[in-house]
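The values are calculated or read from the model by the stated rules, or taken from the named source; none is laboratory data. Since we're looking at a predicted model, the values are computed, not measured. Counting neighbours? That spans all protein chains shown, and the Cβs are built from the backbone with ideal geometry, glycine included. Note: areas computed on protein heavy atoms with side chains; ligands, DNA, RNA excluded. Shrake-Rupley method; radii C 1.70, N 1.55, O 1.52, S 1.80 Å.
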Amino acid sequence: VQLQAFGGGLVQAGESLRLSCAASGRFFSLNDMDWYRQAPGKQRELVAAVTSGGSTTYADSVKGRFTISRDNPKNTVYLQMNSLKPEDTAVYYCHAVSSSSRSYWGQGTQVTVSS
């Protein structure tokens, strides 16, 4: 499974970005699809997760500002990020777990929020 992430960039505080991540390759189905982020000097952290059934989980720091969603037929997960803050600056990684419980990571996309 290959995960390709798109949509990062440089924005000002208060603006929005939408990340997308498409899975390709040979697999039966994907269970959880998630977004993680890693800021310089910090550990990678879970931002948001969505199950194959659509249940979602968010980090407290992004609740009310970020929305995760997925398109199962397209094997794509999205992260709509609104009201961005400088502390959201990080490399964002998509992650997926297949139905055979294998874990896959995308290559990361940089999000930079200026104040």
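The figures follow:
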| item | result |
| --- | --- |
| Selection of trypsin sites (Lys or Arg not before Pro), the stretch 9-39, meeting DSSP coil and at most 14 other Cβ within 10 Å | Arg26 |
| Surface per residue (accessible, 1.4 Å probe) for the chain, Å² | 53 |
| Cross-link reach list, lysines versus Lys85, counting only Cα pairs under 22 Å and skipping chain neighbours closer than eight places | Lys42, Lys63 |
| Dipole in debye (nearest 20) - the stretch 1-64, about Cα centre, beta carbon charges: Lys, Arg +1; Asp, Glu -1 | 120 |
| Share of carbon and sulfur in the accessible heavy-atom surface of the stretch 50-110 [1.4 Å probe, %] | 46 |
